[in-house]
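A short write-up of the structure that comes next.
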Amino acid sequence: MNNKRKKILSVIKRIRDSFHESVATYTCGRCYHFAKIIQEIFGGELYQDENKGHVYVKIDGHFYDIPGRIVTGKQIGRAHV
């Protein structure tokens, strides 16, 4: 894992650990705001899951949200938000 990905995951962990309901907050209605925070720090593009409407940030080919790096075969659309 390269240093940038380590830093991204470290920041995500700090946000996730910052308050008890962070995962629920950033997966049930505030995912866009979380993705914007990570995008502001590290760049990347916002993507929205075509089925669920969940927003992720894509950085250097990897998708991230509050749990961390997303490695999945599900379709994440290119709908920039």
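The values are calculated or read from the model by the stated rules, or taken from the named source; none is laboratory data. What you see is a predicted model, and the numbers here were worked out from it, not measured in a lab. Reconstructed Cβ throughout: ideal geometry from the backbone, glycine too, with neighbour counts over all protein chains shown. We work out accessible area using only protein heavy atoms, side chains counted, and drop any ligands, DNA or RNA first. Shrake-Rupley method; radii C 1.70, N 1.55, O 1.52, S 1.80 Å.
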Original post:
Consider Lys13 against the criteria (1) over 12 Å from the mean Cα position of the chain (by Cα); (2) of a type in the set (Lys, Arg); (3) within 12 Å of Gly68 (Cα to Cα): it satisfies all of them except one. Which criterion is unmet?
Top reply: (1)
Subject >> Those residues of the stretch 20-48 which are more than 11 Å from the chain's Cα centre (by Cα), acidic (Asp, Glu) and within 25 Å of Lys6 (Cβ to Cβ), in sequence order >> reply: Glu40
Subject >> Residue, least open to solvent (accessible area, probe 1.4 Å), within the stretch 37-75, restricted to residues that are without any contact (Cβ under 8 Å) to a residue 12 or more places away in the chain and not small (Gly, Ala, Ser) >> reply: Thr72
